[in-house]
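J.: To start, I am sharing the structure in question, which I have written as structure tokens.
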Amino acid sequence: MSFQMSEPIIITIDGPAASGKSSVSRLVAKNLDCDWVSTGAFYRGIAYLALKNETDIESEEAIVGLIKSGKWSVSLDFEKTKFLFDGLDVTSEIYGESIGNIASKISSFPEVRKELLACQRDCANGRKFLVAEGRDCGTVVFPNAQSKFYLTANSRNRAARRAQQEGADIEKTLKDQAVRDSQDGGRAVAPMAAPEGAHIIDSSNMGLDDVVQAVLAAVKSDIS
Ligand code: C5P
């Protein structure tokens, strides 16, 4: 596919924890030969900084202070969206479930979301095409995206995937996931939700390849 437009073409893929968003986004981006961003990396990275600096995660002001410190950056990469602190790549520290839980907590602060929103939108600058995944990409970050998806799967399947990836106990993962789903879906600002007009894909009984093919087929029809 080739596009010649000044506005970037954006594909958003939202959904709950462990729904396969990152794997699908990576492969969709690879197929379309474009970049992808996990917007969760912003919340995860700041959660990591809070933990590292022993910042009070109940304090919105303190977390905003960390964001404004200017000591961090995000960089798009084929494998995983990278997070750098003081110029050091700390990506391997941010993708665990414990950081995900802190990320979910701090992501409910409106001012935190406001600060990170601008940074997330910047990811599209200078690009012709971008795949963005998260919780509010199609509703808030890129509401004008040309093609939107909401990816889900039943709770046990999602927890089983995550537990296997992390070598964790499935019942504990299931419990933590329920807390995260409820925080992410119940917060007052930008709650996780299927964007209007999104293609909803339940991947409970689908392989990764089938999901990627379904997304690519829908993208083709949305933007052709
Ligand atoms: O997708 P990921 O698990 O990396 O996201 C970590 C957390 O960051 C989520 O549980 C959610 O609370 C928050 N997040 C968000 N909005 C996004 C992406 C992630 O609130 N667009």
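Please treat every number below as a calculation from the coordinates, not as lab data. Quick caveat: nothing in here was measured; it's all calculated off a predicted structure. Positions of Cβ are generated from backbone atoms using ideal geometry, with glycine treated the same way; all protein chains shown enter the neighbour counts.
J.: Neighbour counts of other C-beta atoms within 10 Å: give me 36, 72 arranged from fewest to most.
T.: 72, 36
J.: Mind giving me the nanometre distance, one decimal, between the label points for residue 189 and residue 101, set 7 Å out from Cα along Cα→Cβ?
T.: 2.5
J.: Among the GluC sites (Glu not before Pro) within the stretch 7-92, which fall in a DSSP loop and have no more than 11 other Cβ atoms within 10 Å of their own Cβ?
T.: 54, 58, 79
J.: What residues qualify as long-range amide H neighbours of residue 151, i.e. H under 5 Å apart, gap of 5 or more or another chain, H built at 1.01 Å from N?
T.: For residue 151, the qualifying residues are 14, 15, 201.
J.: Where does the chain land at 222 nm, in deg cm²/dmol rounded to the nearest 500, when only DSSP H runs of n ≥ 4 count, each adding -39500 (n - 2.57), divided by all residues?
T.: Calculated from helices alone, the mean residue ellipticity at 222 nm is -14500 deg cm²/dmol.
J.: Here is a follow-up. On a 20 Å Cα-Cα criterion, which of the cross-link pairs 148/175; 80/105; 30/220; 30/128; 30/105; 71/114 come out too long?
T.: Pairs exceeding the cut-off: 148/175; 80/105; 30/105.
J.: Along the charge dipole of the chain, which of 207, 43, 195 sits closest to the positive end, that is, farthest toward it, with unit charges on the beta carbon of Lys, Arg, Asp and Glu (+1, +1, -1, -1)?
T.: Positive-end residue among those listed: 207.
J.: Kindly rank 98-106, 43-51, 27-35, 10-18 from highest to lowest mean number of other beta carbons found within 10 Å of each residue.
T.: So the order, starting with the most tightly packed, is 10-18, 43-51, 98-106, 27-35.
J.: Output the peptides 127-134, 62-69 sorted from most to least packed, where packing is the average of other Cβ atoms within 10 Å over each peptide's residues.
T.: Highest mean packing first, the order is 127-134, 62-69.
J.: Fully extended, how many nm does the chain gain between residue 7 and residue 71 (0.36 nm per residue separation, minus their Cα-Cα distance)?
T.: Full-extension gain reported as 20.0 nm.
J.: For the stretch 1-76, what is the charge dipole size about the Cα centre, in debye to the nearest 20, if Lys and Arg each add +1 at the Cβ and Asp and Glu each add -1 at the Cβ?
T.: Dipole size: approximately 340 debye.
J.: Based on the Cβ-Cβ distance of residue 171 and residue 213, what FRET efficiency does E = 1/(1 + (r/R0)^6) give at R0 = 45 Å, to the nearest 0.05?
T.: Given R0 = 45 Å and the Cβ-Cβ separation, E is 0.85.
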